[in-house]
Amino acid sequence: MSLLEIENLSISFGGLKAVDDVSFTVEEGSVYAVIGPNGAGKSTIFNLLSRFYEPLSGKLKFANNDLLELGAKDIARLGIARTFQNLELFEHASVLQNLLVGRHVHNTQSWWRQLLFTGSVVEAELEHRTKVEEVIDFLELAHYRNQIISSLPYGVRKKVELARALCIEPKLLLLDEPSSGLNPEETEEMGFWIEDIRRDLNMTVVLIEHDMSLVKEVSDRVLAIVNGKVVAEGAHGFVQSHPEVVSAYLGDSQ
Amino acid sequence: MRILFKTNYKQDLNLAKHGGHRFWYGLLILVLFAVPLIFDGYYIGEATRILIYAMAGLGLMVLTGFTGQVSLGHAAFLAIGAYTNAWFLAQGFSSFVALPMAALLSMIGGLLVAIPAARMSGIYLAIATLAFAIIVEDVAGHLSSITGGNRGMMVDVPILFGYQIWESWELYLFVLSILVAATLAVLNILRSPLGRAMIAVRESEVSSQALGVNPMKIKVFAFTVSAAITGLAGAFLAHYMSFLTPQIFGILLSIQLLLMIVLGGLGTVHGVFFGAVLIGLLETGISIAKDSLPSSIGGLPGIEPFIFGAILVGVIAFEPTGIYGRWIKIRSYMEFFPVYRRKSFKRQRAYLKTERLR
Amino acid sequence: MNEFLQLLIVGISQGCIYGLMALGFVMIYKATEMLNFAQGDMMMLGSFVAWTLIMDLGMPFWLGVPATLIIMALFGALVDILIVRRVIGQPQFAVIILTLGLGIIFRAAAGMIWGQVPLTIDSPISGFSSFYGIVIGNERLAIIAVTAILIAILWAYFRYSKWGIAMKATSQNQLAAYYSGIPVRVIISAVWAVAAAISALAGILLAPITLIEPMNGLLGIKAFAAAVIGGFGSMPGAILGGLIVGIIEPFAAAYVPAVKGSMIYVVMLVVLALRPQGLFAQMHKKKL
């Protein structure tokens, strides 16, 4: 069943067409990679999905929901979570607090109950904490639990960003360059996480990536975007050897 | 060094995390309530002033410290609370009506500012609150029939269940009780989803939205809670001062509130109280010092605001985490002695994190 | 009609002052994303320094003015180097509070050094001109003229001079400017210097009309309203915002005297409610 359907998506920024008539479908339970040179429009597609931008044209469907009817703050409730290329973590809060914010969509307690911190609030908090601890175990973040983000190294921050998205318990996970800034060991680890996420947590993953070995390792299908347009789509081998993809990465002197 | 063994998650939820906490804070509350037994009139008055500052600061901290919305005009809510309280008392109502009305009208004021302001980014918000405060001060001066205008307005004493509160220690206990309740409410918010959402909005509105937080709703919530608490502080300020004029609630008062929470430690509840105590003591201290300084320095006009400004600048430049931050460092030093590392609190030399949309 | 023209020209001249201050304000904001709430107080200090040079030490007017500008430029740069640099990287509210504190210090220091008694400067530009049936003080015309000349100079400066272009580059992307070999810290201090000098100029122009006293610093708040109305990212917007604020004031005073004090702030809030980025904003979406 296709979970995510993008049809004829386009957006311009001041005359430059950043995303030009892009269409693709993501099957449930699959790992879908989006590749392309820098500035090709990949993150823009994510930002359109997150509804930070308004498209010029096109349709965005997620599990039969029309995303264009929603605002940015409603996306998470539907079950779509994302990470950011430039890591938008809450710098002055602890890892635990960051992750607990990820549980916001599952909040059931009214504001006045929270003011009084009633028994039902306590119960709900304990449940959130349990769920968050599961994610912490999954990504091995246990001994960073109470540390403030600003004191953490980059590799750990990337894991926290991922963990926070997982706390939403999403159906669809959008990862924006999960391996950027990571060394080869960390990248390999990231590959294992993505596999585990797909298999154990039953999530569909769309990732933007530059590291081709990671892409080869985890993805079922690959989409190549160059200059905002779809250039190739299909299995990894096919896309990787597609002439236009090659020339986009290596230049036209081929 | 205290090592905490945690056996269940509930321990993390509790306000008092261990026996030591419970002991010291319990003692603090006892001492606070016992102040009227130990001190007499003048000092009780000073203490009441500090409590009122703390309440006002608590309100501002909720908005600026926890939600990151800088308000340069919080004196406006003090004004609304003060005049509302005074007016209702003058009409013959008891404090049982006047105080909630003060909070309610402040909340409405807060909503009025919040709804347009929530759409603005930090800088516009700050200036909008400043404008709001200037307008409120102006309006207070013009509504002479209600507020007595620039000639001023007398404030009756609080009335609870027919009993008039004339004594300073009675006022002190009244303010203290409300302050404790307000502080508990704020602490509760902080350990619930709403509090985390507020911090999230402060740190990164973008990712808060991606996590399902509605920044608009959170900001409006923060504004209303903040306005309500500060409004109550204003109501008590009216009783403390007994006589209201619009000039009390000028820009300098707003800046003083801001100084208080920054000096105390932005983003912490402790900071509210540290700041209130310090500013309260500072005011007294400066008046005393002015008398004892040689008249060439002490008699200089503007020495008071100069010191205020110098402290403000000094704190931000050298210890932006405020008194509370410095206290944490000192406490860490004592706890970890002799293996304390200064570097553990080293400020990250962050490059300018652009809040501006490029 | 005559009254209308009269109010208009008074408003424009006042608007030029606000516009100049707003310009300094916006320049600093563009380069460093910092709100300098001490801008009005720099203007006030500028007028005091001018008074000291011209009235107290007896410098001739046409020497005292440039000297004041140079002194205030150095002062602005020093403020940046010694104090503002320490808060780079801190969240915005920290910076707002810092400059608020600086403003308080400047005002208090001015009161301590020069006292609270209003002062005045003997300016060679005096007298009245009359045309079209209206009478305008020459100082007001001078303000308009000087502002126009200054805007032209600044426009050329940012367009053609190396330093001006470097400032623009730093405003748009500090990191890229750094990599291009632009000495970013020096440029930022230069921006503060220029902004301080412009404010000082505004203070000197204002001196013949409004007596010099420490409370003049609070005029800066009206300049913020101007910058907000015009839109923060834009220097032309700052001038235009200043003009709008300046024009509203005399008309409000004449026709709705009851609320003249807060009129411009009401206008500002209305503008913000309708167009949160201001009228001429140049800001775009953040790259996520």
Checklist outcome for this item: Helix A:154-166 sits off the longest principal axis of the Cα atoms of chain A, rounded to the nearest 10 on a 0 to 90 degree scale, by 80
Item to check | Mean residue ellipticity (222 nm) of chain B, computed from DSSP H runs ≥ 4 via -39,500 (n - 2.57), nearest 500 | outcome: -23000 deg cm²/dmol
Checklist outcome for this item: Pseudo-spin-label distance B:Ser145 to C:Ala258, built 7 Å along Cα→Cβ, given in nm, is 1.0
Next on the checklist: Under 8 Å for C-alpha pairs, at least 6 residues apart: give me the relative contact order for chain C, rounded to a whole percent.
Outcome noted: 37
Checklist outcome for this item: Per residue of B:216-225, other chain Cβ atoms within 10 Å number on average 1
Item to check | A:Glu27/C:Ala156 FRET efficiency (R0 60 Å; Cβ-Cβ; nearest 0.05) | outcome: 0.50
Item to check | Anisotropy class of chain B from Cα gyration tensor, a/c 1.5 cut | outcome: rounded
Item to check | Axial C-alpha extent at least 24 Å, average Kyte-Doolittle at least -0.5 - helices from chain B (DSSP) | outcome: B:19-38, B:41-60, B:95-117, B:122-142, B:168-190, B:215-241, B:269-292
Checklist entry - Say R0 is 35 Å: what FRET efficiency, to the nearest 0.05, do B:Phe33 and A:Ala142 get from their beta-carbon distance? => result 0.25
Item to check | Burial order of peptide ranges B:10-21, A:205-216 (average beta-carbon count within 10 Å, highest first) | outcome: A:205-216, B:10-21
Checklist entry - Which net charge results for the neighbourhood of C:Pro214, defined as the other residues with beta-carbon distances under 15 angstrom from its beta-carbon, given Lys and Arg at +1 and Asp and Glu at -1? => result -2
Next on the checklist: Taking beta carbons within 10 Å but only from partner chains, what does the mean come to for residues B:108-116?
Outcome noted: 1
Checklist entry - Order of C:199-206, C:158-165, A:98-105 by packing, highest average Cβ count within 10 Å first? => result C:199-206, A:98-105, C:158-165
Checklist entry - What average count of beta carbons from other chains do you get within 10 Å of the Cβ of residues in B:195-206? => result 6
Next on the checklist: I'd like to know how the protein assembly as shown sits against the 2.2 N^0.38 Å rule of thumb: what's its Cα Rg over that expected value?
Outcome noted: 1.02
Checklist entry - Which pairs break 30 Å Cα to Cα here: A:Lys61/A:Lys216; B:Lys6/B:Lys217; A:Lys229/C:Lys30? => result B:Lys6/B:Lys217; A:Lys229/C:Lys30
Item to check | Virtual paramagnetic centre 7 Å along Cα→Cβ of A:Glu134, amide N under 14 Å, in region A:154-196 | outcome: A:166-171
Item to check | region C:1-152: Cα Rg divided by the 2.2 N^0.38 Å rule of thumb | outcome: 1.20
Checklist entry - Mind ordering C:69-75, C:243-249 by average Cβ neighbours within 10 Å, highest first? => result C:243-249, C:69-75
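Read-outs throughout are calculated quantities, based only on the coordinates presented, and are distinct from any laboratory measurement. What you see is a predicted model, and the numbers here were worked out from it, not measured in a lab. Counting neighbours? That spans all protein chains shown, and the Cβs are built from the backbone with ideal geometry, glycine included.
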